[in-house]
4 protein chains.
Amino acid sequence: MYTWDTTVKLHQTDAAGIVFYGNYFRIVHDAYEAFMGSLGFDFNYIINEADFLVLIAHAEADYSGSLRPSEKIRVQIALDKIGTTSFVLGYDVLNTAGDSVCRLKTVHVATDKKSGRKRPLPEKLRAKLVAAT
Amino acid sequence: MYTWDTTVKLHQTDAAGIVFYGNYFRIVHDAYEAFMGSLGFDFNYIINEADFLVLIAHAEADYSGSLRPSEKIRVQIALDKIGTTSFVLGYDVLNTAGDSVCRLKTVHVATDKKSGRKRPLPEKLRAKLVAAT
Amino acid sequence: MYTWDTTVKLHQTDAAGIVFYGNYFRIVHDAYEAFMGSLGFDFNYIINEADFLVLIAHAEADYSGSLRPSEKIRVQIALDKIGTTSFVLGYDVLNTAGDSVCRLKTVHVATDKKSGRKRPLPEKLRAKLVAAT
Amino acid sequence: MYTWDTTVKLHQTDAAGIVFYGNYFRIVHDAYEAFMGSLGFDFNYIINEADFLVLIAHAEADYSGSLRPSEKIRVQIALDKIGTTSFVLGYDVLNTAGDSVCRLKTVHVATDKKSGRKRPLPEKLRAKLVAAT
């Protein structure tokens, strides 16, 4: 399990006073980028140097609470599943008290940058993902 | 079915050259706000005047394509289900050619603004939702 | 003068109940993209096909009002100045009543995509900018 | 001088491959929120408890470089000026190499939450701002 701590930013909230539902997908992607960076696969490398991309094919969120400006939060990432060409990440967003306010899931598929076609996950990324979670 | 047309904005894309996965949830919420406004329930009214809120309890997206800056797109909204206290909206995001690039779903629950508790959908909203879709 | 109409989106507001100060720069860029598109220079063309970019070297905003969710607003764009390699746009953001709530300015510089160096504005863009405003 | 470190997130970039010009105003506001929090004035307190607001009356940015996904960056905040009812913050955004890529300025005005009118800065905030920078 990978853990990433951050703080709710004002611009992530909306006029209802709490974090906008769509911004949870940003928050967990921020955590995912930190996670991938910790494995040696930061997004500058993936986008500008690698020969593969990792596209998101599905995303979902279940909301059980809310978050206000300046709240200290924690995102926990788990590797729910890993296959030949894809993997599934599960996220739990915890408020300061440690209560879960949102659980999310993203399905990632490796594609070849040139052809745009599905391809096996790079072996090194696969190994690092399994080792890290 | 409610239809809303818009254009992809540069700030909705990311360095991969296409719309960021999380921004589809913004795009369909923009469409949802226009839809609710067309029913007489705009978000200024809901947030600043009404005695109820309509919270999103679940959201999901299935991605089958991508969108580039300046693409003209269409969002189609359907009422997938309506209950006593909640309703489910389905969205289809179409590119200029009319091909679906993303299908989304959001589950909305009416809550009382004071107590924060679930409550029946306001009868007028319920009737308008059913009539409009 | 180019005019672009839109509506305030919930995700552009923050927990203070009004549009987040930084989002005015998004709103006027949305208007600018529509303006450039109307001149035959949409951002998909500029980013993915043209041999030049138009970078923003300076941006500023003076706030005199505020905007709430669902407000219908108008952005007016004027060409404040045009030189050999650069131009300056001025924006006025008007609320439903027609009152100015924010005035902004952006300074744009043409650069060569390969070298990254300043270059003269493409003649066709220059002519269209002058003709349109 | 207050210093705040962060990393460029993918959703802050756009299809040109670098951080969208308007997102620098988000980044420095994130730093400003951390700064205010360090002084005991976090935005949850200001928005939901205090009797004053600190509105932004002017903002500007001068861009001299660019930022790519995953870059580690630093924001330095200086108190450029402080008056009876307002203060001016200056920001320098530095890339990993320590080079400035953007300098920004924001002008903040204290207002009374009820009347919406200008008011003197709360004495405690004033003292903390001066002491911290």
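The values are calculated or read from the model by the stated rules, or taken from the named source; none is laboratory data. Only a predicted model underlies this, so the values are computations on that prediction, with no experimental measurement involved. Please note: Cβ atoms are built from the backbone with ideal geometry, for glycine as well, and neighbour counts cover all protein chains shown.
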From B:LEU104, B:LEU39, grab the single residue that is more than 8 Å from every other protein chain (Cβ to nearest Cβ), in contact (Cβ under 8 Å) with a residue 60 or more places away in the chain and surrounded by 20 or more Cβ atoms within 10 Å (Cβ to Cβ).
-> B:LEU104
Residues of segment C:42-60 satisfying the condition of being in contact with a Leu (Cβ under 9 Å, 6 or more places away or on another chain) and at the interface with chain D (Cβ under 7 Å from one of its Cβ atoms) = C:ILE47, C:ALA59, C:GLU60
Give C:SER66, C:SER70 a once-over and let me know the one that is within 14 Å of chain D (Cβ to nearest Cβ) and among the small types (Gly, Ala, Ser).
-> C:SER66
Within 30 Å of D:PRO69 (Cβ to Cβ), more than 12 Å from chain A (Cβ to nearest Cβ) and surrounded by 16 or more Cβ atoms within 10 Å (Cβ to Cβ), is that true of B:HIS11?
-> yes
Sort out which residues of segment D:84-101 are touching a residue at least 24 places away in the same chain (Cβ under 8 Å) and not in a loop (DSSP other than H, G, I, E, B), and write them in order of number.
-> D:SER86, D:PHE87, D:LEU89, D:TYR91, D:VAL93, D:SER100, D:VAL101
Please specify each residue of segment C:117-133 satisfying the condition of being farther than 17 Å from C:ALA34 by Cβ and either touching a Ser or Thr at 6+ places or on another chain (Cβ under 7 Å) or among the charged types (D, E, K, R) (or both).
-> C:ARG117, C:LYS118, C:ARG119, C:PRO120, C:LEU121, C:GLU123, C:LYS124, C:ARG126
Taking segment C:102-127 and keeping residues under 13 Å from C:ILE82 (Cα atoms), out of contact with any helix residue (DSSP H, G or I) (no Cβ under 9 Å at 6 or more places or on another chain) and outside any strand (DSSP E or B) leaves C:PRO122, C:GLU123, C:ARG126, C:ALA127
Residues located in segment D:83-101, provided they are under 20 Å from D:GLY40 (Cα atoms), over 13 Å from the mean Cα position of the chain (by Cα) and crowded, with 17+ Cβ neighbours inside 10 Å | D:SER86
Among (1) touching a strand residue (DSSP E or B) at 6+ places or on another chain (Cβ under 7 Å); (2) farther than 22 Å from A:PHE20 by Cα - the single one B:HIS58 does not satisfy = (2)
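Residue-by-condition table, conditions (1) within 12 Å of the chain's Cα centre (by Cα); (2) in contact (Cβ under 8 Å) with a residue 60 or more places away in the chain; (3) surrounded by fewer than 17 Cβ atoms within 10 Å (Cβ to Cβ); (4) part of a helix (DSSP H, G or I):
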residue: A:GLU33; (1), (2), (3), (4): yes, no, no, yes
residue: A:ILE47; (1), (2), (3), (4): no, no, no, yes
residue: A:ALA50; (1), (2), (3), (4): no, yes, yes, no
residue: A:SER70; (1), (2), (3), (4): no, yes, no, no
residue: A:ARG74; (1), (2), (3), (4): no, yes, yes, no
residue: A:ILE77; (1), (2), (3), (4): yes, yes, no, no
Given the conditions (1) within 26 Å of D:VAL28 (Cβ to Cβ); (2) outside any loop (DSSP other than H, G, I, E, B), every one holds for A:ALA59 apart from (1)
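For the structure I just gave you, tell me whether C:SER64 is within 14 Å of the chain's Cα centre (by Cα) and surrounded by fewer than 17 Cβ atoms within 10 Å (Cβ to Cβ).
no
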Flag for C:GLY17 being within 12 Å of chain D (Cβ to nearest Cβ), assigned to a loop (DSSP other than H, G, I, E, B) and at pLDDT 95 or above = yes
